[in-house]
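FYI, it's all coordinate maths here, none of it is from the lab. In this text the structure is predicted, and so the values were computed from the model without any measurement. Ideal geometry is used to build each Cβ from the backbone, glycine not excepted, and the neighbour counts take in all protein chains shown.
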Amino acid sequence: MFLRDISNVTYLLLTHGAGSNRNAPLLVALDHAFSEHQIQVVRYDLPFRQDRAKGPPRPGDAARDREGLRAEILKIREKHPDQVWLGGHSYGGRQCSMLAETPGLVDRLLFSSYPLHPPGKAQQLRTAHFPKLQTPALFVQGSRDPFGSIDEVKSAIALIPAPVQLLEIEGVGHDLGRNHAAVAAKIVATFLGFNG
């Protein structure tokens, strides 16, 4: 019996938004689409979701959610993969971005529907940490997302010193629409072609 060399394997740790879990249809579609390219995907329930099946995170949950993500990344790193990528939808993406202030923790970032600000409160930007991000990142945003318009996202990602790219999904909101397979295929093609 031969042991498989996993040193050339790339892992993607994906997490969910505030109202969802690891089985969110978009995350499942991304899992399938990345797996077709031999990327090992780990869909992860944040600690707040591990504690309660329903309901949004509480104000005190964010730090523990980031620590849960960090622990999961370190578990994956123990397998000695070639690369570790980190991604999240909405709240999960925000926690990933804040965790990625640690240089070298992961090799690439994927943010779907980054919650740039609360709906209707464009002055409450969640970008204070953006100038510290050194990891290449792809932002995926619906053109009708109330958490951040395309122009707002463009202005925000200009604060990031690392290579960044924006993929606009036309005509959809924060959930990126219902055609998950098509959106996932577009995200994967863009992410894998991104020279970050």
note = Residue count, region 142-166, condition in contact with a Ser or Thr (Cβ under 7 Å, 6 or more places away or on another chain) and assigned to a helix (DSSP H, G or I), comes to 2
Those residues of region 85-110 which are within 21 Å of Asp61 (Cα to Cα), touching a helix residue (DSSP H, G or I) at 6+ places or on another chain (Cβ under 9 Å) and not hydrophobic (A, V, I, L, M, F, W, C), in sequence order = Gly87, Gly88, His89, Tyr91, Gly92, Arg94, Gln95, Ser97, Glu101, Thr102
note = Filtering region 26-56 down to residues that are assigned to a loop (DSSP other than H, G, I, E, B), within 17 Å of the chain's Cα centre (by Cα) and either closer than 18 Å to Phe111 by Cβ or of a type in the set (Gly, Ala, Ser) (or both) yields Leu46
note = For region 70-100 the number of residues that are free of Cβ contacts under 8 Å to residues at least 40 places away in the same chain, in a helix (DSSP H, G or I) and more than 26 Å from Gly55 (Cβ to Cβ) is 3
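For (1) among the polar types (S, T, N, Q); (2) surrounded by fewer than 21 Cβ atoms within 10 Å (Cβ to Cβ); (3) within 19 Å of Leu14 (Cβ to Cβ), each residue gets a yes or a no:
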residue: Ala100; (1), (2), (3): no, no, yes
residue: Pro119; (1), (2), (3): no, yes, no
residue: Pro131; (1), (2), (3): no, yes, no
residue: Gln141; (1), (2), (3): yes, no, yes
residue: Leu159; (1), (2), (3): no, yes, no
note = Within region 167-196, the residues that are buried (at least 17 other Cβ atoms within 10 Å of the Cβ) and either assigned to a loop (DSSP other than H, G, I, E, B) or in contact with a strand residue (DSSP E or B) (Cβ under 9 Å, 6 or more places away or on another chain) (or both) are Leu167, Ile169, Val172, His174, Asp175, Leu176, Val183, Ile187, Val188, Phe191
